[in-house]
Amino acid sequence: MAANKKLLMLPGDGIGPEVMGQAERVIEWFDGNRALSFDIDEGLVGGAAYDAHGTSLTDETMQAALDADAVLFGAVGGPQYDDVERDKRPEAGLLRLRKEMDLFANLRPAMTYDGLLDASALKDEVVRGLDIMIVREATAGVYFGEPRGIEELPDGSRRGVDTQVYTDEEIRRVAAVAFELARERGGKVHSVEKANVMETGVLWRQVVGELHQAEFQDVELHHMYADNCAMQLVRDPNQFDVIVTDNLFGDILSDCAAMLTGSLGMLPSASLGAPDETGHRKAMYEPVHGSAPDIAGQGLANPLATVLSFAMMLRYSFGLGEDADLVEKSVAQVLEGGIRTADIMGPDARQVSTEAMGDALLEALAKQAG
Ligand code: NAD
């Protein structure tokens with residue numbers, strides 16, 4: 001029998017604990033009904049950690065994250081922390097986790113559910129069946145490059161500087177994640193940059209092409225300029241399977257793709273690090289949304305993004321594709337049954353609370369598992 005998986009749950013602030021509570025019920029269902037079992041540990045992060053310890057992530061919790069097989073993260077932040085010093089603010093805890101776990105590949109799926117097509121900003125026929133994975137490089141590029149800053153020039157005017165910088169290894173490792181994912185999905189990668197006007201784009205295109213040639217010729221590779229990719233995402237998003245791109249373009253394109261699908265409350269994500277000697281990657285899974293202080297504590301939060309983040313964990317950290325499918329099919333079944341939280345409410349649907357959405361999911365899981 002396989003050893004228990006060590007899972008660290010970090011609910012955080014605002015709606016974080018509410019959505020995590022429902023994900024925990026799903027995890028317990030898997031613990032009781034499927035072959036896998038979990039040792040669940042829970043920690044404080046963000047404002048919750050600041051209130052208790054004066055820092056948004058203690059060294060002990062950081063170590064627990066490094067020791068875990070996977071981390072499930074809720075959300076952090078809230079207006080009550082707006083005046084806290086920058087390095088102790090809720091977001092600093094999240095940034096420290098990403099940095100010390102070296103989570104360089106951020107995976108953001110964008111998929112539509114037939115029951116929710118009316119939530120998309122685009123026409124049904126354009127987004128029906130959508131299933132895209134955007135892989136964004138997340139630890140390098142212009143958000144981290146030096147020099148950076150705002151300086152005063154001799155004539156008294158000011159100049160702001162950011163530096164876009166990538167090494168070939170930083171490009172290669174994220175491209176490898178994209179190619180490996182494509183092998184398990186539709187077999188196609190679009191590598192996105194601006195090689196027409198940026199040196200980092202020229203290098204990106206070369207390195208991705210070389211890696212493809214050397215190790216992934218079975219995957220279809222297309223190079224695309226980022227501006228064209230933005231257009232294509234709204235014109236014909238179904239042409240894409242996996243998109244791999246840098247930190248800045250990935251930030252923008254993944255938000256654009258997210259809106260093809262409707263609500264923030266439906267969007268999961270994964271952040272992966274380098275594989276260790278056993279092939280296991282450090283990994284953190286989290287909904288894309290924030291702590292939603294405007295609806296916190298009212299039972300209005302949609303827990304599906306967090307539950308779908310757990311499904312990504314099953315698939316990418318534990319290789320349990322069938323169990324991940326089971327979660328995703330159960331979500332689809334609930335939506336097709338017209339059960340909705342307020343954020344995804346439609347004309348003929350029934351609005352339920354966060355907790356009742358969890359009830360419906362557990363029912364659907366039991367049915368799907370037969
Ligand atoms: P947000 O994602 O928290 O909320 C944006 C809007 O979407 C709100 O109207 C909210 O009610 C709604 N929403 C979000 N998630 C939802 C869900 N699961 N169900 C139903 N509705 C949902 O973004 P914001 O309002 O810009 O930020 C609020 C706080 O969250 C800020 O402190 C911000 O810094 C923080 N934040 C944290 C993360 C993170 O922890 N990863 C990400 C983004 C923002």
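Any idea what the relative contact order of the chain is, in percent, if you count C-alpha pairs under 8 Å spaced at least 6 apart?
21
Before anything else, pin down the relative contact order of the stretch 75-170: Cα pairs under 8 Å, at least 6 apart, normalised by residue count, whole percent.
20
Peptides 176-184, 73-81: what's the order by average Cβ count within 10 Å, highest mean first?
The peptides rank, most packed first, as 73-81, 176-184.
Could you rank 29, 204 by how accessible they are, 1.4 Å probe, largest area first?
29, 204
Provide Rg and Dmax in Å for the stretch 11-57, with only Cα atoms included in the calculation.
Rg then Dmax for the stretch 11-57, in Å: 13.2, 40.
Hey, can you grab everything whose amide H is under 5 Å from the amide H of residue 243? Only 5+ residues off in sequence or another chain; H modelled, so Pro and N-termini drop out.
The answer is 133, 134, 135, 190.
Of the DSSP beta bridges with both residues in the stretch 116-242, give the percent that are antiparallel, rounding to the nearest 5.
40
Could you run the Debye sum over the Cα atoms of the stretch 67-190, one equal point scatterer each and no solvent, and tell me log10 of I(q)/I(0) at q = 0.09, 0.10, 0.14 Å⁻¹, two decimals?
The calculated log intensity ratios at q = 0.09, 0.10, 0.14 Å⁻¹ are -0.46, -0.56, -0.97.
If each residue of separation counts as 0.36 nm, what is the full-extension length gain between residue 146 and residue 206 once their alpha-carbon separation is subtracted?
Between residue 146 and residue 206, full extension yields an extra 19.3 nm.
Of the DSSP beta bridges with both residues in the chain, give the percent that are antiparallel, rounding to the nearest 5.
Once the DSSP bridges in the chain are tallied, antiparallel ones form about 45 percent.
Could you check how many percent of all C-alpha pairs in the stretch 41-81 are farther apart than 17 Å?
Beyond 17 Å sits 28 percent of the P(r) for the stretch 41-81.
Any chance you could look up the accessible area of residue 329 with a 1.4 Å probe, heavy atoms only, rounded to 10 Å²?
Rounded to the nearest 10, the figure is 120 Å².
Share of antiparallel DSSP beta bridges in the stretch 228-354, in percent to the nearest 5?
Roughly 75 percent of the DSSP beta bridges within the stretch 228-354 come out antiparallel.
Rounded to a whole number of µm²/s, how large is the Stokes-Einstein D of the stretch 22-111 at 10 °C and 1.306 mPa s, given Rh as the Kirkwood radius over C-alpha pairs?
Value of D from the Cα-based Kirkwood radius: 108 µm²/s.
What's the local net charge at residue 340, with K and R +1, D and E -1, over the other residues with C-beta under 12 Å away?
With Lys, Arg at +1 and Asp, Glu at -1, the neighbours total -3.
Please identify every one of the chymotrypsin sites (Phe, Trp or Tyr not before Pro) in the stretch 94-170 that sits in a loop by DSSP and has no more than 16 other beta carbons within 10 Å of its own beta carbon.
Taking the stretch 94-170 and a limit of 16 other Cβ atoms within 10 Å, the loop chymotrypsin sites (Phe, Trp or Tyr not before Pro) found are 144.
Write down the accessible area per residue of the stretch 112-238 in Å², having rolled a 1.4 Å probe over the full set of protein chains.
Averaged over the residues of the stretch 112-238, the accessible area is 54 Å².
Quick one: Debye curve from the C-alpha atoms of the chain, no solvent, what's log10 I(q)/I(0) at q = 0.06, 0.07, 0.08 Å⁻¹?
-0.23, -0.31, -0.41
Let me have the 222 nm mean residue ellipticity of the chain computed from DSSP H runs of 4+ only, each contributing -39500 (n - 2.57), with the sum over all residues rounded to the nearest 500.
Helix-only estimate at 222 nm: -13000 deg cm²/dmol.
Indicate the helices, whole DSSP H runs only, in the chain that combine a mean Kyte-Doolittle hydropathy of -0.5 or more with a Cα extent along their long axis of 20 angstrom or more.
168-184, 199-215, 321-336, 354-369
I want the local charge near residue 35. Using Cβ-Cβ distances under 12 Å, sum +1 for each Lys or Arg and -1 for each Asp or Glu among the other residues.
-1
In what sequence, highest mean first, do 96-102, 186-192 appear when ranked by Cβ atoms within 10 angstrom?
Going by the mean number of other Cβ atoms within 10 Å, highest first, we get 186-192, 96-102.
Which order, highest average first, do 206-213, 121-128, 243-250 follow once you tally other Cβ atoms within 10 Å for each residue and take the mean per peptide?
Order by mean packing, descending: 243-250, 206-213, 121-128.
Around residue 297, what is the net charge, scoring Lys/Arg as +1 and Asp/Glu as -1 over all other residues with Cβ under 12 Å from its Cβ?
Net charge in that neighbourhood comes out at -3.
What are the lysines whose alpha-carbon lies under 30 Å from the alpha-carbon of residue 5, with same-chain residues fewer than 8 places away excluded?
99, 282, 329, 367
The values are calculated or read from the model by the stated rules, or taken from the named source; none is laboratory data. Keep in mind that what you see is a predicted model, and the values were worked out from it rather than measured. Neighbour counts are summed over all protein chains in view; Cβ atoms, including those assigned to glycine, are modelled from backbone coordinates with ideal geometry. Areas reflect the complete protein model, heavy atoms only, side chains present, ligands, DNA and RNA absent. Shrake-Rupley method; radii C 1.70, N 1.55, O 1.52, S 1.80 Å.
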